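The values are calculated or read from the model by the stated rules, or taken from the named source; none is laboratory data. None of these values were measured; they are calculated from a predicted model. Ideal geometry is used to build each Cβ from the backbone, glycine not excepted, and the neighbour counts take in all protein chains shown. The area values use the complete protein model at the heavy-atom level, side chains included, leaving out ligands, DNA and RNA. Shrake-Rupley method; radii C 1.70, N 1.55, O 1.52, S 1.80 Å.
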Amino acid sequence: MVTRCPWAEQSPSLQRYHDTEWGRPLHDNQQLFELLCLETYQAGLSWQTVLNKRAAFQRAFYHYDLAQVAAMTPADLAQLRQDASIIRNRLKLAATVNNAQVILHWPAGSDFSTWLWAFVGGKPIRHHFTAADQIPATTDLAQHISREMKKRGFKFVGPTTVYSFLQAAGLVNDHLVSCDWAPEQRKEY
């Protein structure tokens, strides 16, 4: 029998996401950008809703190619607001383009991934939660990173969104200790 974090048991797509992506350390700027976008889309919605629309978002945003997304115009966004296959929130769509521009135009000598991972000393923070209700919605670290991201020009990156992003991208590992994907169980992180 497989033991997962409880939130992942609600649907096959959540199980797949949990088993193959969530909490795995990512260092690729484009993949980090996609996860950041997905987290911004989730604000006020369920993760299931976002996963259901993920393929449509990938098509709409050129598979999150930073240069192509950064070049999108207000007319492009207006057209996307007519697309019922995605979440059509004007501010979230604009944040996608804005955030691509921020990452694409990162100051020379570094990149988004390196900057982000420096907040955790280059290795995932492992929490050892035994129950889902122990996992916080945000932390001091997420609040700090949120402030720093806003200073760099990112949009739609509140502390709760940032904490979810840190979990998704593997900077924070919040798999429950009992989960088969916890480092203690898998020995692969």
Report, to the nearest whole %, how much of the accessible area of the chain belongs to carbon and sulfur atoms, 1.4 Å probe, protein only.
52
Between the alpha-carbon centers of the range 1-73 and the range 88-116, tell me the distance in whole angstrom.
16
Among the lysines, select those whose C-alpha is under 17 Å from the C-alpha of K53, and discard any that sit fewer than 8 residues away in the same chain.
K92
In whole percent, what relative contact order does the chain give with Cα contacts below 8 Å and a gap of six or more residues?
32
Provide the per residue accessible area, probe 1.4 Å, for the range 1-124, rounded to a whole number of square angstrom.
49
Pull out the extension gain between Q10 and Q68, defined as 0.36 nm times the separation in residues minus the alpha carbon to alpha carbon distance; nm, one decimal.
17.4 nm
Calculate, in nm to one decimal, what K150 and Q30 gain on full extension: separation in residues at 0.36 nm each, minus their alpha carbon distance.
41.3 nm
What FRET efficiency would be calculated for the residue pair A137, S110, taking the C-beta separation as r and a Förster radius of 45 Å, to the nearest 0.05?
0.95
Tilt, helix 140-151 to longest principal axis of the chain (alpha-carbon atoms), in degrees rounded to tens, equals 10
Apply the Karplus curve 6.51 cos²θ - 1.76 cosθ + 1.60, θ = phi - 60°, to the phi angles in the range 98-109 and return the couplings in whole Hz, x for Gly and Pro.
4, 5, 5, 5, 4, 5, 5, 9, 5, x, 4, x
Which residues qualify? For N173, with a placed amide H closer than 5 Å and at least 5 residues away or on another chain, they are I125, R126, H127
Given a 1.4 angstrom probe, what's the average accessible area per residue across the range 126-179, in square angstrom?
43
In debye to the nearest 20, how big a dipole does the range 73-126 give about its Cα centre with +1 on each Lys and Arg Cβ and -1 on each Asp and Glu Cβ?
260
